[in-house]
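Student: Below you will find the structure I want to go over with you.
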Amino acid sequence: MQTVKIVVTGPFNAGKTAFIQTVSEIDVVATERKITSEAERVKDTTTVAMDFGRITVDEDLVLYLFGTPGQRRFDFMWEILSEGMLGFIVLVDSTRPETFREARSILETFRAYAPTPYVVAANKQDLEDAWDLEDMRIALRLDSRVKLLPCVATDKESVKKVLLELLFSIMEEIEGGQA
Amino acid sequence: MALKGNLRDFSITQLLNLVNLARKTGMLYIRGAEAKAEIYFREGKLAYAAMSHQPNDLASVLYREKKLSAGQYKAIKARKEPMNDKALGLLLVNAGYLSQEEILQCLQAAYVGVVKRLFAWAEGYFEFDGKAPPPAGRILVRVDLENLIIEGARQLREWEQLQNEIPDLDMALKFTDRPDTNLRKLSLSVEEWRVVSFINPKNTIRQIARATKMNDLEIRRIVYGLLQAGLVELVRPEHKPAPPRPIHTALEGKTKDEQRSLVNRLISRIRGL
């Protein structure tokens, strides 16, 4: 049995757990704890080690989705989770510009870990306060070649589209790379 | 879609950068603790700005700039039927009292002054309305934002913010490929020009700081300004070695056909979910 993994990362409360939950065939193995910091009390619990979802591809292949902890103090987990990844998704909350700088920093960190393809998903695009994708591209300082995709982490079709775009990028890299 | 937030999280310099790069047209409303500001942009250029406690109509601006006497100002303000800025400007030009250039210079200085005052605002709710019409009756100007962005970055004193923006001094810089960027139009300081002269994907920011004898805070502030003005971008230095412990990727050790087959199976499965 072969297993491959995609890492879903992003700032605190970007929607990583929801993203994985939406497509995972198992209940997400979440390692959540109650929030203790007042500053981060926009939700009751947060991921402290990782989230873990699974999609069985066929009898020989399983795709695991790993969600990283969003809080910076758990960033020692990031490198461990990056080991052997096929690619990664940076999830950003489109309604919280205060997290854009953190998203950029996480993106840079992951890019430094491994030269794997990645996409950026602008989550919560269904909310009224969501920033436009092109504004987010500038704020996140993303090159025009980087895929920035609209996303609603609770919507299966939206999550599928993000995963597919990442897989298309991986395929493009295979076709463009040396054998 | 909204473009709103708080200056605490997204500074006025960053907002100007966004308006500049996206060539936005519309009104930016900012509500600070003690005042409100309205700034109108046209195709990414500053066109108009006013602060709630300081009128920026033409008569008030010319009076503050001592182009109108107190008596003239009072007479204009006392008119039964108020005259809009365009009509007043035309009157002053036709009467040979002021030239069109003088009027535009005074307005530009007033509008730029409003934006510069905003650099001191650490907090303030902002909202950009791309559908807002230009302020009625006002004379609009066209001021490039790059100089203002660099000016804003010069005033940035927050070490922590600069460190977050440019965490790694071992990155290099390269000029962006924007065709409309003209360095000659910018009012750079001597220090900024010295940094610009060293920009090359081979030189790390740390090396540039050493060559220009700047400390970490000084070099970060200048690089931040150049980044925000869209003149440069961060790149990995050409000679930078790979990370000490390379992380293995899932496709390593597989032939191209095996890689293709694996990804195709994943694509089919995700499509079928």
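Student: Conditions first: (1) within 16 Å of B:K116 (Cα to Cα); (2) surrounded by fewer than 19 Cβ atoms within 10 Å (Cβ to Cβ). B:R42 passes all but one, so which condition is the exception?
Tutor: Unmet condition: (1).
Student: So, in region A:133-154, how many residues would count as being facing chain B (nearest Cβ under 7 Å), surrounded by 20 or more Cβ atoms within 10 Å (Cβ to Cβ) and either under 12 Å from A:T95 (Cβ atoms) or of a type in the set (D, E) (or both)?
Tutor: So the answer is 1.
Student: Considering only region A:1-59, give the strands (runs of 3 or more DSSP E) lying wholly within it that have at least 1 residues that are surrounded by 13 or more Cβ atoms within 10 Å (Cβ to Cβ) and at pLDDT below 85.
Tutor: A:29-34, A:45-58
Student: Now for a separate question. Failed condition for B:I12, given (1) surrounded by 21 or more Cβ atoms within 10 Å (Cβ to Cβ); (2) closer than 15 Å to B:D144 by Cβ; (3) of a type outside the set (D, E), with all others met?
Tutor: Every condition holds for B:I12 apart from (2).
Student: Can you spot a residue in region B:175-194 that is outside the structural domain of B:D9 (by TED's automatic domain parsing), surrounded by 15 or more Cβ atoms within 10 Å (Cβ to Cβ), closer than 24 Å to A:I106 by Cα and modelled with pLDDT of 85 or more?
Tutor: Yes - at least one qualifying residue is present in region B:175-194.
Student: Collect the residues in region A:119-132 that are more than 10 Å from chain B (Cβ to nearest Cβ) and not small (G, A, S), keeping them in residue-number order.
Tutor: A:V119, A:V120, A:N123, A:K124, A:D126
Student: Of the numbered conditions (1) outside the structural domain of B:A22 (by TED's automatic domain parsing); (2) in a loop (DSSP other than H, G, I, E, B), B:L148 fails exactly one; give the number of that condition.
Tutor: (2)
The values are calculated or read from the model by the stated rules, or taken from the named source; none is laboratory data. Note that this is a predicted model, so its numbers are computed, not measured. Methodologically, a virtual Cβ is constructed for each residue, glycine included, from the backbone with ideal geometry; neighbour enumeration extends over all protein chains shown.
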